[in-house]
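What follows is calculated from the coordinates using simple rules that are stated; it is not laboratory data. This one's a predicted model, so the numbers in the text were calculated from it and none came from an experiment.
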Ligand code: G3P
């Protein structure tokens, strides 16, 4: 399972990339706006910090505009993955870009039907938003299960399921249990995955006992 960071915060990305646990990054216009930084320069920095795919979202809503913006974003770094909304124009742009060998992440997916279209359009990734579905009383993880079942029926579908809008570690664990290819998570969720009070307590006990021996390993 691949872990992506859902963030445009350079300090957070740099810190967590140094753990070796981060395989890629996803950004969106809201995350970029929150940084107050110019998008293209920020994207270049992020692409330097992580070798894996960095999703950069277009903001045009018409086909030609999407393709123009995608062309500019692809110039920034070889690991840029173009993020397109799950609209008719987004799917058309996805087909055109995928045919030219570009990686595309189709975002704002909320139904199995939409995920089928993303796969048919040749997307490298589809991003179902589990947290936003949970927020409105639906079952986000059921959507992941449905998409994975459908994709497994068709080996010609190469699209990876990128679980997005992750709110807590349980979303990540459940996504892994189902066999999702990728989970993109806010930095806080990656940190939460790491922590367990019994790990801290156990380590404290081991180190206290070791100190009593007066020994050193080096
Ligand atoms: O980047 C897409 C997605 O992960 C957004 O998550 O928390 O705004 O629903 P959220």
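Odds and ends about this structure:
- Evaluated at q = 0.22, 0.23, 0.28 Å⁻¹: base-10 log I(q)/I(0), Debye formula over Cα of the range 1-57: -0.75, -0.82, -1.20
- Over the range 101-218, equivalent-ellipsoid semi-axes from the Cα gyration tensor in Å: 40, 16, 12
- Debye log10 I(q)/I(0) for the chain, one point scatterer per Cα, at q = 0.13 Å⁻¹: -0.73
- Nearest 10 degrees, 0 to 90: helix 39-49 Cα axis against the chain principal axis: 50 degrees
- Over the range 1-104, volume per residue of the alpha carbon convex hull, in Å³: 96 Å³
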